[in-house]
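Enquirer: Just passing along the structure, written as structure tokens.
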Amino acid sequence: MGSVTERKRLDGSVGYLAQIDLKRNGKRFRDNRTFEKRSAAEAWIKKREKEVKAFEGDFLTLKQRNKTLADAIDRYVLESQREIGRTKAQVLRTIKEYDIASLKCADIVSPDIVSFAQELAIGKEPATVSNYLSHLSSIFAIAKPAWGVPLDGQAMKDAMVVCNRLGLSGKSRKRDRRPSLAELDALLDHFQVATASNPRALPMHKIVLFALFSTRRESEITRILRSDLDPEYGRVFIRDMKHPGAKLGNDVWCDLPQRAMDVALSMPLITTAGVHAHCDVGIIAKLFQRLQNVDVFKIALTKKARADGPVQDELAILNDGHPLSPDG
């Protein structure tokens, strides 16, 4: 038998909880859904009870048949024991805003996924579409074996092949050049002026140089602590380094070029009650916080005619005015 219960929400509005509870061959089937109107709740009970009575398979299969892709995504996020990266989490949230997310898992076929990719392709590069499909495929891969949710993994694989053949998805375009020294000079000059004139501005000239010489990822740079630097052996401790399988816990000592080390060590120490102490919150992560010592950033570039002048001058200034050795 079905029942409708009126429930008052925290915002003061009223919802109607429709519930059914049926037995067959000693097994019980329960289901529920909340509606804005009592009439809609009562109509759902009649329709759902009719579906259940006509279904000859297992009750668990029947219950999962009404699950939508959005439901599967929510369960994946809830039950995943691995940390879901920021990009993947954002992608999964975005997918829920598309029409495909409201489709029942049992009804999703390859053309539905291709249509979703075509929607994504409007305003997005093929590489971005590939990322979306890749993250979505992780849901298709485990939904049926883990939860009995009827998502067709083969349909996902077929759709990815089709999207690649149609050019909807693909690899990132390779960069065909690097920034010229003149362009780097203009950027560093601009960022230095901004930092020197505003103590709250981020020292982007240091961030750019450290990224350029270290070749580390942005997320890795912002996790580096001062204690992670090893100037004696020219290395840095990278936590959760990018890895195709699982980056969480993939902590690795990596070589750090001397020029990147010079930039890192140019960061000021924190002064507390007149005592200088090493910054535990991170030397490079500190770049993204408000810095207290403005004098460190009152730097002026001396332009040089030689090709490596701008960058070399900047490094000399970061090294307290002393030029670096040619191989440093």
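The values are calculated or read from the model by the stated rules, or taken from the named source; none is laboratory data. Computed from a predicted model, the values in this text were never measured in an experiment. No Cβ is skipped: glycine too gets one built from the backbone with ideal geometry, and neighbour counts run over all protein chains shown. Keep in mind that these areas ignore ligands, DNA and RNA; they rest on the heavy atoms of the full protein, side chains included. Shrake-Rupley method; radii C 1.70, N 1.55, O 1.52, S 1.80 Å.
Enquirer: Which one is least open to solvent (accessible area, probe 1.4 Å) among residues in the stretch 20-49 that are over 9 Å from G2 (Cα atoms) and in contact with a helix residue (DSSP H, G or I) (Cβ under 7 Å, 6 or more places away or on another chain)?
Expert: The qualifying residue least open to solvent (accessible area, probe 1.4 Å) is F29.
Enquirer: Here is a check on your reading of the model: is Q292 open to solvent by 80 Å² or more (accessible area, probe 1.4 Å) and at pLDDT below 85?
Expert: Yes, satisfied.
Enquirer: Further question: V162 - would you say it is open to solvent by 30 Å² or more (accessible area, probe 1.4 Å), touching a residue at least 40 places away in the same chain (Cβ under 8 Å) and either out of contact with any Gly (no Cβ under 9 Å at 6 or more places or on another chain) or not in a helix (DSSP H, G or I) (or both)?
Expert: So V162 passes the test.
Enquirer: Which residues, counting only those in the stretch 113-131, are within 14 Å of D99 (Cβ to Cβ), in contact (Cβ under 8 Å) with a residue 40 or more places away in the chain and buried (at least 16 other Cβ atoms within 10 Å of the Cβ)?
Expert: I113, V114, A117, L120
Enquirer: Same structure again: Return a yes/no flag: does the stretch 39-49 have any residue that is over 18 Å from K144 (Cβ atoms), at pLDDT below 80 and of a type in the set (F, W, Y).
Expert: Within the stretch 39-49, not a single residue is over 18 Å from K144 (Cβ atoms), at pLDDT below 80 and of a type in the set (F, W, Y).
Enquirer: A further question on this structure: Looking for something among the aromatic types (F, W, Y) and closer than 30 Å to K242 by Cβ - is there at least one such residue anywhere in the stretch 52-70?
Expert: No, every residue in the stretch 52-70 fails to be among the aromatic types (F, W, Y) and closer than 30 Å to K242 by Cβ.
Enquirer: Specify which of the listed residues (R82, R75, R93) is out of contact with any Phe, Trp or Tyr (no Cβ under 6 Å at 6 or more places or on another chain), assigned to a helix (DSSP H, G or I), in contact (Cβ under 8 Å) with a residue 60 or more places away in the chain and open to solvent by 40 Å² or more (accessible area, probe 1.4 Å).
Expert: Sole residue among the options that is out of contact with any Phe, Trp or Tyr (no Cβ under 6 Å at 6 or more places or on another chain), assigned to a helix (DSSP H, G or I), in contact (Cβ under 8 Å) with a residue 60 or more places away in the chain and open to solvent by 40 Å² or more (accessible area, probe 1.4 Å): R75.
Enquirer: Right, next: Does R65 count as within 40 Å of the chain's Cα centre (by Cα), closer than 26 Å to D158 by Cβ, open to solvent by 90 Å² or more (accessible area, probe 1.4 Å) and at pLDDT below 75?
Expert: Answer is yes for this residue.
Enquirer: Taking the stretch 114-134, which residues are over 17 Å from R93 (Cα atoms) and part of a helix (DSSP H, G or I)?
Expert: V114, S115, Q118, A121, P126, A127
Enquirer: Has the stretch 135-145 got any residue that is β-branched (V, I, T), in a loop (DSSP other than H, G, I, E, B) and either on the phi > 0 side of the Ramachandran plot or under 21 Å from the mean Cα position of the chain (by Cα) (or both)?
Expert: Within the stretch 135-145, not a single residue is β-branched (V, I, T), in a loop (DSSP other than H, G, I, E, B) and either on the phi > 0 side of the Ramachandran plot or under 21 Å from the mean Cα position of the chain (by Cα) (or both).
Enquirer: Another question, if that's okay. For the stretch 221-236, indicate whether the set of residues that are modelled with pLDDT under 85, more than 16 Å from V263 (Cβ to Cβ), of a type in the set (A, V, I, L, M, F, W, C) and within 25 Å of the chain's Cα centre (by Cα) is non-empty.
Expert: no
Enquirer: Just to be sure I understand, how many residues within the stretch 240-275 are part of a loop (DSSP other than H, G, I, E, B), under 12 Å from R216 (Cβ atoms) and either at pLDDT 85 or above or of a type in the set (A, V, I, L, M, F, W, C) (or both)?
Expert: 3
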